[in-house]
1. Hydrophobic (A, V, I, L, M, F, W, C), in contact with a strand residue (DSSP E or B) (Cβ under 9 Å, 6 or more places away or on another chain), surrounded by fewer than 13 Cβ atoms within 10 Å (Cβ to Cβ) and without any contact (Cβ under 8 Å) to a residue 40 or more places away in the chain, is that true of L59?
2. Among A46, A13, A30, A94, which is under 13 Å from the mean Cα position of the chain (by Cα), small (G, A, S) and part of a helix (DSSP H, G or I)?
3. Since M87 meets every condition but one in (1) touching a helix residue (DSSP H, G or I) at 6+ places or on another chain (Cβ under 8 Å); (2) in a helix (DSSP H, G or I), which condition does it not meet?
4. Looking for something under 12 Å from the mean Cα position of the chain (by Cα), among the small types (G, A, S) and either modelled with pLDDT under 90 or surrounded by 13 or more Cβ atoms within 10 Å (Cβ to Cβ) (or both) - is there at least one such residue anywhere in segment 18-25?
5. So G106 passes all but one of these: (1) touching a residue at least 12 places away in the same chain (Cβ under 8 Å); (2) under 19 Å from L12 (Cα atoms); (3) of a type in the set (G, A, S). Which condition number does it fail?
6. Would you tally the residues in segment 28-37 being surrounded by fewer than 14 Cβ atoms within 10 Å (Cβ to Cβ) and more than 21 Å from F51 (Cβ to Cβ)?
7. Is it the case, given these coordinates, that Q6 is of a type in the set (S, T, N, Q), surrounded by 13 or more Cβ atoms within 10 Å (Cβ to Cβ) and at pLDDT 90 or above?
8. Does M61 fit the bill of being among the aliphatic types (A, V, I, L, M) and either assigned to a loop (DSSP other than H, G, I, E, B) or at pLDDT 95 or above (or both)?
Amino acid sequence: MTIYHQFRDARLAKTATGRRLTELYYKHAAEASKILAAQDGLRLEARHLLFSIAPDMFLGMFRNKELRITQAQQNQIVEFLEQLKKMASPELKADIDSLLVRVSDGSLQRELGYRVR
């Protein structure tokens with residue numbers, strides 16, 4: 001099991017918001033995979049983001065503490081989602097927009113219990 005699956009099971013599954021994010025991931029996984037397969041730069045950015053937050057995910061779970069990401073990481077995540085949205089179906093665009101609003105207003109951070117440092 002990867003650190004991402006452990007994070008899903010140990011952290012995301014414990015909150016309604018986390019379960020909703022997991023649901024959205026599986027709902028749009030096929031479309032997102034097709035977009036990333038066709039867009040080398042975006043695929044590399046996704047890989048970079050996943051690798052950059054993995055240590056914080058692991059440490060947060062290992063120490064049973066909240067996840068902390070840097071402002072730069074959050075900005076990169078937002079920029080990645082904005083780029084993905086440009087190639088997305090209307091349904092995926094709507095879900096990304098909803099997610100971006102919740103990142104912007106801080107509700108996602110509060111509901112998932114992570115901090116931007």
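1. Here the answer is yes, as L59 does meet what is asked.
2. Exactly one of A46, A13, A30, A94 is under 13 Å from the mean Cα position of the chain (by Cα), small (G, A, S) and part of a helix (DSSP H, G or I), namely A46.
3. Only one criterion is unmet by M87, namely (2).
4. Yes, that holds for at least one residue.
5. (1)
6. Residues in segment 28-37 being surrounded by fewer than 14 Cβ atoms within 10 Å (Cβ to Cβ) and more than 21 Å from F51 (Cβ to Cβ): 2 in total.
7. no
8. So M61 does not fit the description; no.
The values are calculated or read from the model by the stated rules, or taken from the named source; none is laboratory data. What you see is a predicted model; the values in this text were computed from it and never measured. Note: ideal-geometry Cβ built from the backbone for every residue, glycine included; neighbour counts use all protein chains shown.
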